[in-house]
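Read-outs throughout are calculated quantities, based only on the coordinates presented, and are distinct from any laboratory measurement. For clarity, every value in this text was computed on a predicted model and none was experimentally measured. All Cβ positions, glycine included, derive from the backbone under ideal geometry; neighbour counts span all protein chains shown.
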Amino acid sequence: MQPWRKIYATRNPAEASIVQGMLEENNVPVQVMNKQDSSYLNFGDIELFVPEHLMETAKQLLSQNLLN
């Protein structure tokens, strides 16, 4: 089994969903770990993980899409 690596973290659920969708549209599987406190959303992050062997692809996709 391939290890998963954190590629992105945010406190904004909408932003996490957009990044997840963009990666999945480009055939990069994504695991989402929501570490936000359910009562106080300013504590904790939503983290996105991708398989280690797709880390470079995911980084390139992020840099291309976040700059546009």
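The stretch between Arg11 and Glu47 holds 12.1 nm of extra length on full extension. This uses 0.36 nm per residue minus the Cα-Cα distance. As a proxy for reagent exposure, ranking Phe49, Phe43 by other Cβ atoms within 10 Å from fewest up yields Phe43, Phe49. Only one residue of Gln20, Tyr40, Gln64 has its Cα farthest out toward the positive end of the dipole of segment 4-67, where Lys and Arg carry +1 and Asp and Glu -1 on Cβ, and that residue is Tyr40.
A simple spin-label model places the labels of Ser39 and Lys59 4.0 nm from each other, with each point 7 Å out along Cα-to-Cβ. What you get for segment 7-68, charging only the Cβ of Lys and Arg (+1) and of Asp and Glu (-1), is a dipole of about 100 debye around the Cα centre. Pair-distance distribution of the chain: all C-alpha pairs, bin width 5 Å, starting at 0; shares per bin in whole percent are 3, 18, 29, 24, 14, 9, 4, 0.
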